[in-house]
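The values are calculated or read from the model by the stated rules, or taken from the named source; none is laboratory data. From a predicted model like this one, the values you see are computed outputs, not experimental measurements. As a convention, Cβ positions derive from the backbone with ideal geometry for all residues, glycine included, and neighbour counts pool all protein chains shown.
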Ligand SMILES: Cc1cc2nc3c(=O)[nH]c(=O)nc-3n(C[C@H](O)[C@H](O)[C@H](O)COP(=O)(O)O)c2cc1C
Ligand code: SF4
Ligand code: FES
């Protein structure tokens, strides 16, 4: 963990009656450094929060948006819950799997894209959709989804 | 990314100005009369504000429909502890997408409601818990909060009222449906796994960080300024006797024009579908999930039901979040059961055996039937499972997992039987699984 990240985390403590409350935002800040939280970073968090490393580890593994392994440069997620599936999301996901040569949950060999499926993302009225990193792309068809994925560096 | 649905297709008081970009700013919001209701509330006694909200009949918009004013009255009056409000913007119930639009298009309406609630309950701290995937909506809420601090409306002596100190923070979740359940949310806010707590104690006694707390959905808060501003009688004049005001209905799935529609509670289902352009491609309707996938499905024959909880309860379901999912005649209901049961299997927090194991069983059985490997005994087990989950666990997630399966079996048992009889899925035109 860099000194800058540590400083940013420390400013969050006052937002919560107990500093442990700042753990989720602190993990986000730590994860932003490398795209995932490794053992060392988890250890740093544990020290900063004065909690056992396993308490950090447990939180890391509970939430879908925290990663403990290296990730592709871009996260591409397709919502496959009901409203999206009714409008062809799974067909779209299968084409993306074929297009990228990976299965949902895997990363392309060049490390460019990690493909995945997710549960409802609040785009049910604009289905099907892709979440690319923190951006939503909605009302898609398969061709457009492929174009979006191809445009990622 | 700019959102594709920027505003409900049908608006009413709550979303009236959502199409106006300026409304997201403090200046634009005040130009439309914003932050007058909090000033009015501050001229009233806190108890009178709480009483007005109770009188108004406002029910929670987060899914359970509990009386908002009654919940506020549970907050202890005599206490030295800081009291905490939590605005629930975890919105992860599949089929629901209304809270996102409030964060993006009307953050100040929500903030004004939170401030009025803070006055009414004597709270000095509020957290807006936004699901982690809502990065842009959370940014919108944060920007609005910054504006309030800069204007001197937040922090010490809010709106010039001596001793009325309130701080509001956005807290981002990290991808776990169960953190929408209010005690799972509290755990998550405390920096822990989002595993729900046993109740009692209820949040008003022992909430966030052990402090007295009240959790409301953000839409619930957003109705409050209008109640204070326009009065209880005006509010009670909208909706039904037991379900007052409007709500932001969402319609998705097989309709011509999916979207959001702010309409009075009690609006007939048929009318709402009409606003959404009806079933797409001129097909016939098969069923509608009334309010998020946790709620049991309604068959096409129930189209005239008024969309308010008291009427839906008579038909064995609930209003939930008002996020409706529409399915046309091509839809295989076993596939629907597969999608829904997978979701609950994936999202169970794992603390209770019935829930952890039961959701897996339901999903495996549905999957087996869909693949043509089901046997008649599977249907019996599947039929028994909801009863084994309901009311037996730490939180209502298990009920939410059981209800949709129970509903699908009640109304579409034929679909399940046909799969077992024909040893394959008899709906070739259904959506792909
Ligand atoms: C499994 C589960 C998930 C829930 N998810 C949400 C949610 O995402 N948003 C929400 O406002 N309420 C959710 N709730 C309801 C909350 O527990 C709580 O009742 C609600 O936030 C209270 O606000 P209200 O009274 O204003 O509706 C959920 C409940 C359960 C059992
Ligand atoms: S019912 Fe399910 S989600 Fe709720 S506490 Fe038990 S295991 Fe967790
Ligand atoms: S079902 Fe896909 S965004 Fe809601």
query = Among (1) within 16 Å of ligand 1 (Cβ to nearest atom); (2) away from every other protein chain (no Cβ under 14 Å); (3) touching a helix residue (DSSP H, G or I) at 6+ places or on another chain (Cβ under 6 Å); (4) not in a helix (DSSP H, G or I), which single condition is residue B:64 missing?
reply = (3)
key: So residue B:272, is it outside the structural domain of residue B:45 (by TED's automatic domain parsing), in contact (Cβ under 8 Å) with a residue 24 or more places away in the chain and either over 18 Å from residue B:68 (Cβ atoms) or not in a strand (DSSP E or B) (or both)   = yes
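Taking the stretch A:10-38, which residues are assigned to a loop (DSSP other than H, G, I, E, B) and on the phi < 0 side of the Ramachandran plot?
Narrowing the stretch A:10-38 to residues assigned to a loop (DSSP other than H, G, I, E, B): A:16-18, A:35-38.
Result: A:16, A:17, A:18, A:36, A:37, A:38.
Give me the residue from the stretch B:375-398 that is in contact (Cβ under 8 Å) with a residue 40 or more places away in the chain, part of a helix (DSSP H, G or I) and within 16 Å of ligand 2 (Cβ to nearest atom) and, out of that set, nearest to the other protein chains (Cβ to nearest Cβ).
To start, the set of residues in the stretch B:375-398 that are in contact (Cβ under 8 Å) with a residue 40 or more places away in the chain comprises B:375-376, B:378-379, B:392-398.
Subsequent filtering for residues that are part of a helix (DSSP H, G or I) retains B:376, B:378-379, B:397-398.
If we keep only those that are within 16 Å of ligand 2 (Cβ to nearest atom) too, we end up with B:397-398.
Numbers: B:397: 13, B:398: 17 Å.
Ranking the qualifying residues of the stretch B:375-398, first place goes to B:397.
Which residues, taken from the stretch B:141-198, are part of a loop (DSSP other than H, G, I, E, B) and closer than 14 Å to residue B:115 by Cα?
Restricting attention to the stretch B:141-198, the residues satisfying the condition of being part of a loop (DSSP other than H, G, I, E, B) are B:151-154, B:156-157, B:161-165, B:173-176, B:181, B:190-198.
The answer is B:152, B:153, B:154, B:156, B:157, B:161, B:163, B:164, B:165.
Which of the following residues is assigned to a helix (DSSP H, G or I) and within 11 Å of another protein chain (Cβ to nearest Cβ): B:138, B:118? Don't jump to the end; show me each part of the working.
Working: B:118 fails: within 11 Å of another protein chain (Cβ to nearest Cβ).
Within the list B:138, B:118, the selection yields B:138.
Which residue out of B:340, B:305, B:325, B:293 is more than 16 Å from ligand 2 (Cβ to nearest atom), within 14 Å of another protein chain (Cβ to nearest Cβ) and either out of contact with any strand residue (DSSP E or B) (no Cβ under 8 Å at 6 or more places or on another chain) or in contact (Cβ under 8 Å) with a residue 12 or more places away in the chain (or both)?
On the way: B:340 fails: more than 16 Å from ligand 2 (Cβ to nearest atom); B:305 fails: within 14 Å of another protein chain (Cβ to nearest Cβ); B:293 fails: more than 16 Å from ligand 2 (Cβ to nearest atom).
Being more than 16 Å from ligand 2 (Cβ to nearest atom), within 14 Å of another protein chain (Cβ to nearest Cβ) and either out of contact with any strand residue (DSSP E or B) (no Cβ under 8 Å at 6 or more places or on another chain) or in contact (Cβ under 8 Å) with a residue 12 or more places away in the chain (or both) holds for just one of B:340, B:305, B:325, B:293, which is B:325.
Quick one: which residue in B:197, B:125, B:143, B:150 is away from chain A (no Cβ under 13 Å), within 23 Å of the chain's Cα centre (by Cα) and either within 22 Å of residue B:63 (Cβ to Cβ) or modelled with pLDDT of 95 or more (or both)? Quick ask: steps written out before the conclusion?
Working: B:125 fails: away from chain A (no Cβ under 13 Å); B:143 fails: within 23 Å of the chain's Cα centre (by Cα); B:150 fails: within 23 Å of the chain's Cα centre (by Cα).
Selected residue: B:197, the only one of B:197, B:125, B:143, B:150 that is away from chain A (no Cβ under 13 Å), within 23 Å of the chain's Cα centre (by Cα) and either within 22 Å of residue B:63 (Cβ to Cβ) or modelled with pLDDT of 95 or more (or both).
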ask   = Considering only the stretch B:155-192, how many residues are touching a helix residue (DSSP H, G or I) at 6+ places or on another chain (Cβ under 7 Å), within 13 Å of chain A (Cβ to nearest Cβ) and touching a residue at least 12 places away in the same chain (Cβ under 8 Å)?
value = 18
